[in-house]
Amino acid sequence: MTEDKLERKNLNFTPASGSNALAGGGMSSHSMFKFVQAAPVLFLIVLLLSPVAITVISSFRLSLPGEPNVWGLTGWISAFTSPSIYDAIANTFILAIMRVPLAIFIGALLAWLLIRTNIYGRKWIEFLFWISFFLPTLPIAVAWTILLDPRSGWVNKLAAYAFNRIEPLFNVFSFGGITWVHITATTVPVMVLLLGPAFRALDPSMEESARMCGASRPAILRRIVMPLMYPALMMAAIASFIRSLEAFEVELLLGMPGGIRVYSTKIQELATWEPPRYAPSMALSVPFILMLFALAYLYQRFLRDKTFTTISGKSTMSQPLDLGSWRWPLSLLCMLIATISVILPALTLVVGSFMEVFGMVRADGSIHFTLNHWKIVFNDSVFVISLINTLKLASGTAIIAVLFYSILAYTLVRTKILGRDFLSLVVWMPWAFPGILISLSLLWMYLGTPLLVPLYGSMLGLMFAMLFKEMPIGVNLMKTGLLQISVELEDAARMCGASWVQIYFRLVLPLLAPAAVTVFTICFIVCVKDISTMILLSTADTRPLSLLVLDYTSNGSFERGTVVGVISAGLAIAAALIGRAISDRLSSGLGRS
């Protein structure tokens, strides 16, 4: 598309009366640009470095909040001289090594098949993986215990009946069981979400040119698609590895019965003992920060002096790759994976919410169903308050996240601001903190700073915590999208007289639409299902649905907790349907431009 068409048809920019004048405003475009650059960077420093400083300082503080300060190295000595901590560290890395490479391979292959090829039902299969990501992790893990419990699991009972087996076929309380639940419930769906926008943004002319030159489908995938996907693949791999190190709910539910402790559950044990051992728990988190910086530094070095531009002024619409005779087998494979990963545990969860006793099958093989648990939940005033709180928290956080993360990503990718490389590393820092420590660090920051005391127990304080937690994935998704947008489009718009605000909101954000929708959806759903980050920061007035699930299950009302889990999943799926419709419309408009 020529610059003339870009001006007249797409952007329709009106040349400014001055080289830097904003239409209708007194502030110059240059001043506005500098302000927009500086604001998120300053906020980033406050948002990230304050909890980090609190964590490091608190690892040397031996007294509890409100007590006279007592300092020393006892916390560090206690944390790293415990024999069980080294077993927990070894278990953490074993699970990460088992989980991440397999998830990268399966997730990248699925994302490519669902987005770039003509397999049957690809849109609906892709959406099923979105649903899998949206489902609350804790109830889904419990659904898998109903299916794969070595003594009473439905699958094991069926296998015993069908094959006359004495030993259980599956044991969910094992390394393999934990890896299986993570792969099916979280890791592979997250890979599809992370890699989907990048696959959609690839310029199809490169694949078409390779096809015209006689390249085979595997050669195109290996030599054209994957090299262009390196930024997204690296980001997804690092994100998955870090999430594996800090994973908590599944390891707590499935690891403890099997005697498998990991790094995050060990920290949780220290932080929740009576009295709490905050110093050792904080000391254990510091190595996370060092490891994170090493991974982020490698990622930065990999991207340096490399070009991955795949969106230019030309159309990005193309016909899906024809798989030929492989279409049916690969379609069936994708459907099978989606069924096992999504439909099976989701149906188990829904059925369990109507069972008189969750997961209980009578001696004669019958199951007694009831609506009592649903009636009790809907008549509980606490549920209504929690539902309203969840909607406020999730929608507010997601909207702020799209604007804040995109501006920050633009500053890090398109400008030469001082300390840009360091800020790119700092962005990864929140994933060095397990959710329980984010909650603890922010609690101390809120209560220890007079100006921030009103944030404790407030909706704004919870939004602040969730923005902190999801910054790595949000900013890096936006950065990946920006790396694929040619800077020539912005130069052309600038030559037409467009201000920075016009360029950003009328050119950059529309081209970032797939990534922006993904960021919005991820932030929304994380707010719906997060437990550990908000557990110490919410009160009865701001309790979301996820903590209500925890309250119900902690009080022995697991059936009611399952009901709330089903409702939370339905809320997230409804938001996903709306987001998907918007994304499809924006993607269609982008392809025609």
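The values are calculated or read from the model by the stated rules, or taken from the named source; none is laboratory data. None of these values were measured; they are calculated from a predicted model. No Cβ is skipped: glycine too gets one built from the backbone with ideal geometry, and neighbour counts run over all protein chains shown. These area figures cover heavy atoms from the full protein model, side chains too; ligands, DNA and RNA do not enter into them. Shrake-Rupley method; radii C 1.70, N 1.55, O 1.52, S 1.80 Å.
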**Request:** With the condition kept exactly as written, say whether any residue in the range 412-426 is open to solvent by less than 10 Å² (accessible area, probe 1.4 Å) and either more than 30 Å from P510 (Cβ to Cβ) or within 17 Å of the chain's Cα centre (by Cα) (or both).
**Result:** no
**Request:** Evaluate the following for Y456: is it surrounded by fewer than 21 Cβ atoms within 10 Å (Cβ to Cβ), of a type in the set (F, W, Y) and under 25 Å from the mean Cα position of the chain (by Cα)?
**Result:** yes
**Prompt:** In the range 191-210, which residues are among the aliphatic types (A, V, I, L, M) and either open to solvent by less than 20 Å² (accessible area, probe 1.4 Å) or modelled with pLDDT of 80 or more (or both)?
**Reply:** M191, V192, L193, L194, L195, A198, A201, L202, A210
**Message:** Please count how many residues of the range 250-277 are in contact with a helix residue (DSSP H, G or I) (Cβ under 8 Å, 6 or more places away or on another chain), part of a helix (DSSP H, G or I) and open to solvent by less than 50 Å² (accessible area, probe 1.4 Å).
**Reply:** 12
**Prompt:** Does any residue of the range 571-578 turn out to be small (G, A, S), closer than 25 Å to M355 by Cα and at pLDDT 85 or above?
**Reply:** no
**Message:** Quick check on my filter: what residues within the range 565-579 are without any contact (Cβ under 8 Å) to a residue 60 or more places away in the chain and either within 16 Å of V384 (Cβ to Cβ) or of a type in the set (D, E) (or both)?
**Reply:** G570
**Prompt:** What do you reckon, is E470 acidic (D, E), closer than 30 Å to D421 by Cβ and open to solvent by less than 40 Å² (accessible area, probe 1.4 Å)?
**Reply:** yes
**Message:** Here are the criteria: (1) open to solvent by 10 Å² or more (accessible area, probe 1.4 Å); (2) over 28 Å from L447 (Cβ atoms). Tell me which single one K529 does not satisfy.
**Reply:** (2)
**Message:** I'd like the residue in the range 390-406 that is of a type outside the set (F, W, Y) and within 18 Å of Q484 (Cβ to Cβ) and, out of all such residues, is surrounded by the most Cβ atoms within 10 Å (Cβ to Cβ).
**Reply:** S406
**Request:** Go through the residues of the range 448-458 one by one and say whether even a single one is assigned to a loop (DSSP other than H, G, I, E, B) and free of Cβ contacts under 8 Å to residues at least 12 places away in the same chain.
**Result:** yes
**Fill in**
Quick count over the range 499-510, residues being over 14 Å from V402 (Cβ atoms) and either in contact with a strand residue (DSSP E or B) (Cβ under 8 Å, 6 or more places away or on another chain) or open to solvent by less than 10 Å² (accessible area, probe 1.4 Å) (or both), is 2
**Item:** Candidate set from the range 112-132 (those that are within 22 Å of A247 (Cβ to Cβ) and crowded, with 22+ Cβ neighbours inside 10 Å); member that is modelled with the lowest pLDDT
**Value:** W130
**Item:** Qualifying residues in the range 454-498 (those that are in contact with a Ser or Thr (Cβ under 8 Å, 6 or more places away or on another chain) and polar (S, T, N, Q)) - the one nearest to I400 (Cα to Cα)
**Value:** S458
**Complete:** Residue set F520, F558; condition open to solvent by 10 Å² or more (accessible area, probe 1.4 Å) and either in contact with a Pro (Cβ under 8 Å, 6 or more places away or on another chain) or modelled with pLDDT under 80 (or both); output residue F558
**Item:** the range 244-262, subset within 20 Å of the chain's Cα centre (by Cα) and closer than 16 Å to I97 by Cβ, residue modelled with the highest pLDDT
**Value:** E251
**Asked** Out of S318, S325, S331, which single residue is at pLDDT 65 or above and open to solvent by 40 Å² or more (accessible area, probe 1.4 Å)?
**Response** S325
**Request:** Can you tell me which residue within the range 133-149, out of those that are modelled with pLDDT of 80 or more and within 18 Å of the chain's Cα centre (by Cα), is farthest from G196 (Cα to Cα)?
**Result:** A141
**Asked** Name the pairs whose Cβ atoms lie under 6 Å apart, with the first residue in the range 153-176 and more than 24 Å from G255 (Cα to Cα) and open to solvent by less than 100 Å² (accessible area, probe 1.4 Å), the second modelled with pLDDT under 85 and of a type outside the set (F, W, Y), and 6 or more positions between them or separate chains?
**Response** R165/A159
